[in-house]
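Just so it is clear, none of the values below were taken in a lab; they were calculated from the coordinates. Everything quoted here is computed from the prediction, not taken from an experiment. For neighbour counting, all protein chains shown are included, and Cβ atoms are generated from backbone atoms with ideal geometry for every residue, glycine included.
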Amino acid sequence: MSMANNKQNSIFKTKDGVNYLLPFIVVTLCFALWGFANDITNPMVKSFSKIFRMSVTDGALVQVAFYGGYFAMAFPAAMFIRRFTYKKGILLGLGLYALGALMFIPAAATGNYYPFLLAYFILTCGLSFLETSANPFILSMGEQSSATRRLNFAQAFNPIGSLAGMFVAMNFIQAKLNPMSSNERAMLNNSEFEALKQADLSVLIKPYVVIGIVLIAVFIVMALIKIPQRQIQDNNLSRNLGATLKRLLNNKIYREGVLTQFFYVGAQITCWTFIIQYGTHIFMQEGMTEQAAEIYSQKLNIIAMVLFCCCRFICTFLMKYIKPSRLLSIFAAGGFLLLLITIFVGGRIGVYSLVGVSAFMSLMFPTIYGLALGNVGQDAEVGSAGLIMAILGGSLLPAIQAMIIDKHEVFSMPAVNISFVVPLICFCVVFIYGLRSYKLAE
């Protein structure tokens, strides 16, 4: 990443002249790593549903386990970071991430669905440590006035990892699974089903094993690099924790930011997970086979991520001229309008509108995060945990949308169309937070 000019470097300098450019680059690599995990996982809802002959709702348990790990480990991660350092939090996160990925080997050997959920849960406990450590660390690497821009810039590399995850899911999992449709699989006898399942699982686990090995290498490199570390000055955490929580709960921008992040992450995961179901439904109506429709839908999902990635950089530039809170409301309104087209127009126009939603989601996570932590001061570690716990929205809201999709038809419309009312409501919440945080900051 090219950041040689002084104007760009200024966002990585503190008032006393300490330059955080090098540690910023190192920590930003972790953003790409958890982006990979997030977006190799979204298409797995459909893949697991086919492999194990399950409903969409059962397949969505992948997201429940995945984002449940974020929720369960965020607060312990914050306590760990307060006691030790950001760097040690990142190292522990990398270790758990690698362990969860490698657990796919014994999970496949069992031939059962639930060991995979356990592997996902442990993997995302690691991601929770990474995000709880890396996000506030990036915010602290320079002047407070440029913190939200700096986090947006770092987060712009997250979708690069996401694109890699999508590419691997499409080319090394979805395209290599047996092309037999869900209906054809349902007619297999038990022995045929077991043989097909084991063959498909051997395909599915390979990318996870590779990323597990890569993570071990990154762990070693990270351990050897010297990074300026923020130490906790007061180790009597039990005495201070109650006061910290009270300050955070009394902070309106922070409190409402956690709630908004819950809904935003839910919107992001529902749009990226169920574009596969939505596109498959549309393209099969046009005459494609189920596998071809799934792969084409995933290609569109990759285009959506490219838009997301490009707009992250554009938004970082726009924030020099437009306040982040105002830009947040503008983009939430844009996403809302495109989802209305997805729901009520449908067809290819609806699919393309759903792809376009990603452009408007691009700035939301880091902007909500930066606004919420903008004035919490020494409470950043615990505050960060609350915002990471809000990722639970990515666990609960997709499950609700999946239950709607399983109804097949709602109000004489395809249920997959109506299901996008879930992210539609989420964008309303983001829009309101943008307006309120703008007014509260004045």
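Rank-order 297-304, 256-263, 382-389 by packing density, defined as the average count of other C-beta atoms within 10 Å over each peptide's residues, highest first. Write down the numbers at each step before the final one.
Details: 297-304: 21.1, 256-263: 22.8, 382-389: 25.2.
Per-residue mean Cβ counts within 10 Å order the peptides as 382-389, 256-263, 297-304.
Within 10 Å of each candidate Cβ there may be at most 15 other Cβ atoms; applying that plus a DSSP loop requirement, which trypsin sites (Lys or Arg not before Pro) in the stretch 136-211 survive?
Lys176
Rounded to the nearest 0.05, what FRET efficiency do Ser181 and Lys299 have when you use their Cβ-Cβ distance and R0 = 22 Å? Can you show the working numbers first?
Details: r = 19 Å, r/R0 = 0.87.
E(calc), rounded to 0.05, equals 0.70.
P(r) of the stretch 29-126 in 5 Å steps, Cα pairs, percent per bin?
Histogramming the stretch 29-126 at 5 Å steps yields 3, 13, 21, 24, 18, 10, 6, 3, 1, 0 percent.
After finding the eigenvalues of the alpha carbon gyration tensor for the stretch 357-442, what semi-axes result from the square roots of 5 times each, listed largest first in whole Å?
Those come to 32, 15, 9 Å.
Can you work out ³J(HN,Hα) from phi for every residue in the stretch 303-313, in order, using Karplus 6.51 cos²θ - 1.76 cosθ + 1.60 and θ = phi - 60°, giving whole Hz and x for Gly and Pro?
4, 4, 5, 4, 4, 4, 5, 4, 5, 4, 5
Check the straight Cα-Cα distances from Lys323 and name the lysines below 22 Å, setting aside those fewer than 8 residues away within the same chain.
Those lysines meeting the cut-off are Lys7, Lys13, Lys252, Lys439.
Work out how much length Lys226 to Arg83 would gain on full extension: take 0.36 nm times their residue separation and subtract the Cα-Cα distance, in nm to one decimal. Mind dumping the intermediate values first?
On the way: separation 143, 0.36 × 143 = 51.48 nm, distance 1.88 nm.
Working it through step by step, the gained length comes to 49.6 nm.
Could you tell me the largest-minus-smallest coordinate of the C-alpha atoms of the stretch 291-401 on each of the three principal axes, in descending order and whole angstroms?
51, 34, 23
Starting from the exponent 0.38 and prefactor 2.2 Å, build the expected Rg for the chain from its residue count and divide its actual Cα Rg by it.
It is 0.96.
Can you tell me the length gained on complete extension of the stretch Lys252 to Phe172, counting 0.36 nm per residue apart and subtracting the Cα distance?
24.2 nm
In nm², what is the average projected area of the convex hull enclosing the Cα atoms of the stretch 142-185? Intermediate results must be reported in sequence, preceding the final value.
Details: hull surface 17.9 nm².
Projected over every direction and averaged, the Cα hull of the stretch 142-185 covers 4.5 nm².
In the structure shown, do any of Lys46/Lys299; Lys87/Lys226; Lys226/Lys320 have a Cα-Cα gap over 20 Å, and if so which?
Pairs exceeding 20 Å: Lys226/Lys320.
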